[in-house]
């Protein structure tokens, strides 16, 4: 992603890979998914969010990035990081830019509703500890 910032298809594929690495089904693979979330962690989240910022008009990148963030946010530390780094604002921007894409709308609503919902006081507390 860093080496080829203008390769739109590659950006989408990398977001898809991040999405798949952190996906778990039931109890099978839960430990492996947790490990992948830790490995991807801060740098991976930053890359995903950068791809979203730099490719706002590309629905595929937005969709894959949202899915990756949903999976990464299953880890509490990642959830805090995504929120503190402006993830909610990026998600809202994706929803606005792709109003007619039902998949983006659904993924974004799922992400904001279940993964990143934090009260303002919780955000302030997390920022003060960071």
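The values are calculated or read from the model by the stated rules, or taken from the named source; none is laboratory data. Keep in mind the model is a prediction, meaning the values are calculated, not measured. Here the Cβ positions follow ideal geometry from the backbone for every residue, glycine too, while neighbour counts run over all protein chains shown.
On the stretch given as the stretch 5-56, residues that are at pLDDT below 75 and assigned to a loop (DSSP other than H, G, I, E, B) total 9.
Quick grid of which residues meet (1) modelled with pLDDT under 85; (2) touching a helix residue (DSSP H, G or I) at 6+ places or on another chain (Cβ under 9 Å); (3) buried (at least 19 other Cβ atoms within 10 Å of the Cβ):
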{"residue": "69", "(1), (2), (3)": "no, yes, yes"}
{"residue": "87", "(1), (2), (3)": "no, yes, yes"}
{"residue": "94", "(1), (2), (3)": "no, yes, yes"}
{"residue": "100", "(1), (2), (3)": "no, no, no"}
{"residue": "106", "(1), (2), (3)": "no, no, no"}
{"residue": "118", "(1), (2), (3)": "yes, yes, no"}
